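Report on one structure; see the data block that follows.
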Amino acid sequence: MQQVRRRLALVALLAAFGTAGCASNEGQQFDDAVKVSGVGAHAGVAVFSVYNEQYSVSYGIDLTTHQLRWTLPDVVIGAVAAGTAVGLAPAESDKQVIAGWEVGRGTERWRGEPSTDVSVQPAGPSLTRVRGYLGPTRFDDLLVGDSGQVRQSLGPQMRGMSCMHDAAATLVCVDGFSVVALDAASGSQIWDLRMGSGRIAPTVTTAWHGRVYGKVSKEAVTLDALTGKDMPTRPEAAPVAVNEYFGLVLVDGRLLAYPNGG
């Protein structure tokens, strides 16, 4: 086991030096069995998790000095929110516990109850989405990162939805048939496009700084992330990734870059 842990540590450090400038490296595979996830960063410390089916370990790495700040054995971090690395640690009887560790030092801030079938996902700068079962009861909650307190419980209608933060004020949640927008601070719903809402929900490609990009049939559309109202779409394209400079658009198998207007 010690040899495996050392190998995981080496993979993590190599990944950290190679991907410290990237926003995310989630899902990249090494040696077909080990995955390295660049989860996020706060106050100059990047958080990485390395895991396979049997072992896991997480690290905080100083982005200035490249020094290892802390190590959390047997922990997989799923999100960084409010200066806290939120993730999963082992508990009794094959259960897991959701907990939060301070990003700068790796010290534990809070710990939940042992649960099953648990997942942790990012939900903006201050919240984290956690899902699973506490005994027979299913939960799907938005937690405050630095306290672990529930800010908003999401209803069963959100069960199949995945959410993305627009790097501004909105969580945009989607499945194959619906789009629901939540306030990124409170977790409360601000608008939705569902079956029976009077209009067809777009297939969302990404969201950025108050805009939701997507397609209806083959037509590109842009929505206001705060209201759900249509916005001008220039150019007539739905980017798959956006930053402050460019939007990347997939056209006939080619990735094209367009200047970002907002």
Scan region 170-178 and tell me whether some residue there is surrounded by fewer than 19 Cβ atoms within 10 Å (Cβ to Cβ) and either within 22 Å of residue 42 (Cα to Cα) or under 14 Å from the mean Cα position of the chain (by Cα) (or both).
no
It is to be established whether one or more residues within region 246-257 are crowded, with 16+ Cβ neighbours inside 10 Å and within 30 Å of residue 188 (Cβ to Cβ).
yes
So if I check each of 159, 194, which one is closer than 17 Å to residue 228 by Cβ, basic (Lys, Arg) and more than 15 Å from the chain's Cα centre (by Cα)?
194
Given the structure, is residue 155 modelled with pLDDT of 90 or more and either aromatic (Phe, Trp, Tyr) or within 25 Å of residue 81 (Cβ to Cβ) (or both)?
no
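With the condition being over 19 Å from the mean Cα position of the chain (by Cα), I'd like the strands (runs of 3 or more DSSP E) fully within region 58-121 carrying at least 2 qualifying residues.
Where strands (runs of 3 or more DSSP E) fall fully within region 58-121 and carry at least 2 residues being over 19 Å from the mean Cα position of the chain (by Cα), they are 68-73, 108-111.
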Scan region 51-76 for residues that are surrounded by fewer than 15 Cβ atoms within 10 Å (Cβ to Cβ) and either of a type in the set (Phe, Trp, Tyr) or on the phi > 0 side of the Ramachandran plot (or both) and jot them down.
66, 74
For region 85-142, which residues satisfy the criterion of being at pLDDT 95 or above, among the hydroxyl-bearing types (Ser, Thr, Tyr) and surrounded by fewer than 16 Cβ atoms within 10 Å (Cβ to Cβ)?
107, 116, 119, 133, 137
How many residues are buried (at least 22 other Cβ atoms within 10 Å of the Cβ) and touching a Gly at 6+ places or on another chain (Cβ under 7 Å) when one looks only at region 179-201?
2
Inspect region 107-115 for any residue being touching a residue at least 24 places away in the same chain (Cβ under 8 Å) and in contact with an Asp or Glu (Cβ under 9 Å, 6 or more places away or on another chain) and give the result as yes or no.
yes
The condition from (1) crowded, with 17+ Cβ neighbours inside 10 Å; (2) under 26 Å from residue 111 (Cβ atoms); (3) charged (D, E, K, R) that residue 166 misses is numbered (2)
Any residue in region 208-234 that's touching a residue at least 24 places away in the same chain (Cβ under 8 Å): show its pairings with residues that are acidic (Asp, Glu) and not in a strand (DSSP E or B) at Cβ separation under 8 Å, as long as the two are six or more apart or on different chains.
208/166; 209/166; 209/244; 210/166; 211/166; 212/166; 225/166
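The values are calculated or read from the model by the stated rules, or taken from the named source; none is laboratory data. In this text the structure is predicted, and so the values were computed from the model without any measurement. Quick reminder, even Gly has a Cβ in these numbers, built from the backbone with ideal geometry, and neighbours come from all protein chains shown.
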